[in-house]
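Here is the structure we will look at, set down as structure tokens.
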Amino acid sequence: MGAVVALIAVLMVLLSGLSSGLVNDGVSGLRRMPVTAFGFAEGTRVDGAFSRSVVDERQVEAWRGQPGVEAAEPFGNMLVNAHSGAGVPIDLALFGVRPGSFLDPAPAGGSRLGSADGLVVSNTLLHAGLRLGDTVTIDRLGVRLTVVGATADQRTFGHVDVAYLPLDTWRRIHTGADGEATAVAIKARAGATLNLAAGDAAAGTTSLTLADSYATSPGYTAETSTLTLIQVFLYAISALVVGAFFTVWTIHRRQELAVLRAIGASRAYLLRDGLVQALLILLAACAAGVLAGLGMGALVTGGDVPFTLELPAVVTAAGLLIVLGLLGAATAIVRIATVNPLTALGAQR
């Protein structure tokens, strides 16, 4: 019984790591931005909003004047194909930001954005072979950019590595139109609550909180929904499997439980005793399975598969396994309440 529970725990840890890895690989660039909300062009559909929306400086200024807004900046977003100086093809999610603004990232290595051709890249690109000082050329346009810095962590959008560049350079690559951007990046004052509806009415935008904007990343909703459904089925199966094991266990102990009832044990005592034993088995087996899953996950982390082990996700998965296992065990142990003490006085005892 413990071995089966441990195997389910291993599977849950691996699934939670895969789920966290896909989310991180899809929207880590957005998650690590100090943004409260994004204002997109009015009426823009949520799916693909970053590829459809176009805002102007007037809308940025309108958001800056809203109560509770600490800062509002134009933000550019686009996906491009490029190649390094060595001719290696690179896919980039270009984030256009104003140097010195709250969107301007502080690199862990190299320097911040300054020159028009500067580029601060996700550190995952350094792991892929790009180096500080390398030249990156945008395909078809021939725009040459120089890698001046790299972030300390992974930053991706739609499973594509993020590269920050000055907003004016982004505009030259995107459309060449002055004053245009993809969205308004809004930062609220500490402790303030933004009235997004009032801001949208004043600026003519459709705003989304930072968390809601994750759905605009290509494939994010489909991937997370699929993995969530898989996890839900796994949790349901784990409850059924554990419940089935404890049903067999209870049936095998039926005569012993009848003896205990005959000598005065209460139903509450038997139920409590059965649940405590089930809890001990679940805790021990789940701990062993989680440790095994963490060990297997450590071997996968950092490879080609988007896999990230996050403590809250692992703890949640283990907690749900234990709770659902107890529910399944409780359903089986309810049989104890129907045990007739007279059974203990029959020919079998």
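The values are calculated or read from the model by the stated rules, or taken from the named source; none is laboratory data. Bear in mind the structure is a predicted one, so any value in this text is a computation, not a measurement. All Cβ positions, glycine included, derive from the backbone under ideal geometry; neighbour counts span all protein chains shown. Side chains are part of the model used for accessible areas, which takes the heavy atoms of the whole protein and leaves out ligands, DNA and RNA. Shrake-Rupley method; radii C 1.70, N 1.55, O 1.52, S 1.80 Å.
Observations, loosely collected:
- Test result for Gly39, buried (at least 24 other Cβ atoms within 10 Å of the Cβ) and among the small types (Gly, Ala, Ser): yes
- Of the candidates Leu234, Leu240, the single residue that is buried (at least 16 other Cβ atoms within 10 Å of the Cβ), under 30 Å from Gly328 (Cβ atoms) and of a type in the set (A, V, I, L, M) is Leu234.
- Taking each residue of the range 228-251 that is within 13 Å of Val4 (Cβ to Cβ) and looking for partners that are surrounded by fewer than 20 Cβ atoms within 10 Å (Cβ to Cβ) and polar (S, T, N, Q) with beta-carbon atoms closer than 6 Å, six or more apart or interchain, yields Gly243/Thr331.
- Only one of Leu94, Leu103 that is modelled with pLDDT of 90 or more, open to solvent by less than 20 Å² (accessible area, probe 1.4 Å) and out of contact with any helix residue (DSSP H, G or I) (no Cβ under 7 Å at 6 or more places or on another chain): Leu103
- Qualifying residue in the range 117-126 (condition: farther than 25 Å from Ala152 by Cα and of a type outside the set (A, V, I, L, M, F, W, C)): no
- Residue in the range 213-220 that is open to solvent by less than 60 Å² (accessible area, probe 1.4 Å), of a type in the set (A, V, I, L, M), assigned to a helix (DSSP H, G or I) and at pLDDT 85 or above present: yes
- Note on the range 48-79: residues that are acidic (Asp, Glu) and surrounded by 20 or more Cβ atoms within 10 Å (Cβ to Cβ) amount to 1.
- Near pairs, Cβ below 6 angstrom, 6+ apart or cross-chain, from the range 301-315 (touching a residue at least 60 places away in the same chain (Cβ under 8 Å) and at negative phi) to any residue that is buried (at least 18 other Cβ atoms within 10 Å of the Cβ) and of a type outside the set (Gly, Ala, Ser): Thr301/Phe307; Pro306/Leu22; Pro306/Asp25; Phe307/Leu18; Thr308/Asn24; Val314/Val13
- Residue match in the range 251-261 (condition: open to solvent by 20 Å² or more (accessible area, probe 1.4 Å) and modelled with pLDDT of 90 or more): no
- Only a single item in (1) of a type outside the set (A, V, I, L, M, F, W, C); (2) touching a residue at least 12 places away in the same chain (Cβ under 8 Å); (3) open to solvent by 20 Å² or more (accessible area, probe 1.4 Å) is not met by Ser28, and it is number (3).
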